[in-house]
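Novice: Let me begin by handing over the structure; questions about it come next.
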Amino acid sequence: QAKMSKPVQARRLEGIDKNIWVEFVKLAATYSTVNLGQGFPDFPPPAFLREAFRRALSEENHMLHQYTRGFGHPPLVKILAQFFGKLLGQDLDPMTNVMVTVGAYQALFCCFQAFVDEGDEVIIIEPFFDCYETMVKMAGGTPVFVPLRPKAPKDGKLMSSADWKLDPAELASKFTTQTKAIVLNSPNNPLGKVFSRGELELIADLCVKHNVLCISDEVYEWLVYDGKEHIRIASLRGMWDCTVTIGSAGKTFSATGWKVGWTVGPDRLLQHLRTVHQNTAYHCATVAQEVVAQGFQRELELYGKPDSYFVQLPKELQQKRDWLVQSLDAVGMKPIVPEGTYFLVADISKFKSDVPDVPDSNEPYDSRFAKWMVKNKGLAAIPLSAFYCGAHKNDYNHFIRFCFAKEEATLKAANDILQKWKQEKTSP
Ligand code: PMP
């Protein structure tokens with residue numbers, strides 16, 4: 001009896017049982033004809049990688065069907081050490097400076113479990129990939145939020161994700177003696193912001209000054225547009241020693257279902273990630289790791305050359321971005337032009353009259369709007385408020401996020417829906 005009266009739900013799970021992805025993925029599956037919601041490409045991964053997968057499966061080496069080294073398949077950690085060593089200006093040991101995870105998602109989980117204790121504060125820059133908040137809470141920590149603040153351009157130009165900036169004094173005020181880590185996500189999901197060198201130096205200086213770790217989620221590292229440069233914070237002065245850099249083969253090679261991710265950092269940090277990994281997932285699919293290793297091998301040989309996938313993919317995605325920007329602008333759903341990622345955030349203010357507000361509702365307006373849109377127009381997107389903490393959800397509740405990593409036909413179908421909607425609005 002005494003046993004029965006114990007709550008089955010752990011205290012750390014309280015209040016985080018509702019999840020926006022569960023809700024919106026289901027809505028999209030039920031109602032959408034065009035799904036620009038969740039972030040995944042509907043085009044195939046590159047042919048060289050699909051071919052590598054076929055080869056790996058048909059090869060004599062049947063050991064690719066068995067366990068490999070738990071902290072990462074040796075060919076993969078070796079090539080990642082070589083590749084990222086070059087980019088970060090570090091001599092990396094594949095066995096101690098790199099660890100493979102089940103997607104970047106598990107890399108994040110390992111970081112929060114390994115570094116965050118009860119009472120620790122973790123700074124999260126809003127808007128943020130929503131699991132940062134819940135993972136910090138599951139580790140017993142306290143998330144502390146600091147927003148990117150938008151400033152509209154004066155000249156009537158479209159807003160850019162670069163117009164969303166940190167207030168340096170506000171950011172500095174969040175660093176306390178309790179601060180254990182800051183989560184950086186550049187290029188940022190959902191805005192597509194690519195942090196400038198100056199912005200990264202500001203964060204880096206504060207990390208060094210306050211002895212704070214930087215968990216740098218760089219899964220969109222290759223998806224940067226308009227000739228912008230992705231700068232890795234671990235390459236800035238003093239930062240290697242206190243940064244864990246996280247990457248994803250899902251985003252790197254347009255294969256989100258493979259769930260191969262990695263962490264790169266100093267052994268003094270990675271040793272703790274290994275403990276968590278060893279005692280949770282332990283292992284990521286061997287075949288997928290083998291194929292990702294071959295993908296990186298190819299990219300190392302073609303680095304910076306026109307045939308490199310890391311050169312071609314952003315070019316293709318930039319075109320898709322431009323296409324969706326133009327399409328949204330034409331119907332008056334003002335886009336914020338992203339500098340990177342799969343995503344584009346658009347202002348829904350002009351469409352508010354179609355979706356009546358419910359005053360005093362607990363649900364942010366953009367969430368109701370996105371639900372109405374998928375049910376009535378068949379177009380799925382994600383409300384921006386999903387990327388804010390509870391207290392700030394209503395501060396940014398008139399935007400929705402679209403994913404443009406889609407086939408031309410999908411983007412065209414979205415455009416058709418928007419055009420038709422606009423015509424219905426304007427016709428008497
Ligand atoms: N970080 C960010 C910012 C993401 O957008 C995502 C995927 N949506 C992840 C991490 C997780 O990546 P993976 O699929 O490799 O687990």
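The values are calculated or read from the model by the stated rules, or taken from the named source; none is laboratory data. Quick caveat, the model's predicted, so the values are computed rather than measured. Cβ: placed from backbone, ideal geometry, glycine included. Neighbour counts: every protein chain shown. The accessibility values were calculated without ligands, DNA or RNA, using every heavy atom of the protein model including side chains. Shrake-Rupley method; radii C 1.70, N 1.55, O 1.52, S 1.80 Å.
Novice: Return the total of residues in the stretch 368-389 being open to solvent by 10 Å² or more (accessible area, probe 1.4 Å) and without any contact (Cβ under 8 Å) to a residue 40 or more places away in the chain.
Specialist: Residues in the stretch 368-389 being open to solvent by 10 Å² or more (accessible area, probe 1.4 Å) and without any contact (Cβ under 8 Å) to a residue 40 or more places away in the chain: 3 in total.
Novice: Residue under question is Val358, and the condition is that it be over 22 Å from Asn188 (Cα atoms), free of Cβ contacts under 8 Å to residues at least 24 places away in the same chain and aliphatic (A, V, I, L, M); does it hold?
Specialist: yes
Novice: So Ala56 clears everything in (1) outside the structural domain of Leu313 (by the TED database); (2) open to solvent by less than 70 Å² (accessible area, probe 1.4 Å); (3) not in a helix (DSSP H, G or I) except one condition, right? Which one?
Specialist: Of the numbered conditions (1) outside the structural domain of Leu313 (by the TED database); (2) open to solvent by less than 70 Å² (accessible area, probe 1.4 Å); (3) not in a helix (DSSP H, G or I), the odd one out for Ala56 is (3).
Novice: Tally up the residues in the stretch 59-77 that are assigned to a helix (DSSP H, G or I) and either under 11 Å from Gln294 (Cβ atoms) or open to solvent by 90 Å² or more (accessible area, probe 1.4 Å) (or both), please.
Specialist: So the answer is 5.
Novice: To continue, here is another question. Please enumerate the residues belonging to the stretch 29-53 that are open to solvent by 30 Å² or more (accessible area, probe 1.4 Å) and part of a helix (DSSP H, G or I).
Specialist: Listed by number, the residues that qualify are Ala29, Thr30, Tyr31, Ala47, Phe48, Arg50, Glu51, Phe53.
Novice: Right, something else. Take Ile348 and tell me if it is over 18 Å from the mean Cα position of the chain (by Cα), surrounded by 17 or more Cβ atoms within 10 Å (Cβ to Cβ) and not polar (S, T, N, Q).
Specialist: yes
Novice: Hey, another quick one. Tell me which of these Lys154 doesn't satisfy, since it passes every other one: (1) open to solvent by less than 40 Å² (accessible area, probe 1.4 Å); (2) farther than 16 Å from Phe129 by Cβ; (3) not in a helix (DSSP H, G or I).
Specialist: (1)
Novice: Can you say whether Gln113 is within 25 Å of Tyr303 (Cα to Cα) and surrounded by fewer than 21 Cβ atoms within 10 Å (Cβ to Cβ), as far as the supplied structure shows?
Specialist: no
Novice: OK, next. Quickly run through the stretch 249-267 and pick out the residues that are more than 17 Å from Asn211 (Cα to Cα) and open to solvent by less than 10 Å² (accessible area, probe 1.4 Å).
Specialist: Across the stretch 249-267, the qualifying residues are Ala249, Gly250, Thr252, Phe253, Ser254, Ala255, Val260, Gly261, Trp262, Thr263, Val264.
Novice: Right, something else. List pairs: first in the stretch 170-192 and under 13 Å from Ala204 (Cα atoms), second among the aromatic types (Phe, Trp, Tyr) and more than 10 Å from the ligand (Cβ to nearest atom), Cβ under 6 Å, 6+ apart or cross-chain?
Specialist: Ala181/Phe115
Novice: Moving to a separate point now. Looking at the stretch 185-244 only, could you name the residues that are of a type in the set (A, V, I, L, M), assigned to a loop (DSSP other than H, G, I, E, B) and within 16 Å of the ligand (Cβ to nearest atom)?
Specialist: The answer is Leu191, Val194, Val219, Leu223.
Novice: Which is in a helix (DSSP H, G or I), touching a residue at least 40 places away in the same chain (Cβ under 8 Å) and open to solvent by 20 Å² or more (accessible area, probe 1.4 Å), of Gln271, Gln289?
Specialist: Gln271
Novice: Inspect all residues belonging to the stretch 5-16 and state whether any of them is in a loop (DSSP other than H, G, I, E, B), open to solvent by 30 Å² or more (accessible area, probe 1.4 Å) and under 25 Å from Tyr342 (Cα atoms).
Specialist: No, there is no match, as no residue in the stretch 5-16 is in a loop (DSSP other than H, G, I, E, B), open to solvent by 30 Å² or more (accessible area, probe 1.4 Å) and under 25 Å from Tyr342 (Cα atoms).
Novice: Collect the residues in the stretch 399-410 that are surrounded by fewer than 20 Cβ atoms within 10 Å (Cβ to Cβ), out of contact with any Asp or Glu (no Cβ under 6 Å at 6 or more places or on another chain) and not small (Gly, Ala, Ser), keeping them in residue-number order.
Specialist: If the condition is that a residue be surrounded by fewer than 20 Cβ atoms within 10 Å (Cβ to Cβ), out of contact with any Asp or Glu (no Cβ under 6 Å at 6 or more places or on another chain) and not small (Gly, Ala, Ser), then Glu408 is the only one that fits.
Novice: While we're on this one: Report the residue count in the stretch 235-262 for those that are more than 23 Å from Val276 (Cβ to Cβ), touching a Gly at 6+ places or on another chain (Cβ under 8 Å) and either of a type in the set (Gly, Ala, Ser) or modelled with pLDDT under 95 (or both).
Specialist: 2
Novice: Please determine, by comparing only the residues of the stretch 35-72 that are in contact with a helix residue (DSSP H, G or I) (Cβ under 8 Å, 6 or more places away or on another chain) and among the polar types (S, T, N, Q), which one is farthest from the ligand (Cβ to nearest atom).
Specialist: Step by step, filter the stretch 35-72, then rank; the result is Gln66.
Novice: So, in the stretch 102-135, of the ones that are assigned to a loop (DSSP other than H, G, I, E, B) and in contact with a Ser or Thr (Cβ under 8 Å, 6 or more places away or on another chain), which residue ends up farthest from His272 (Cα to Cα)?
Specialist: Checked the stretch 102-135; the qualifying residue farthest from His272 (Cα to Cα) is Gly119.
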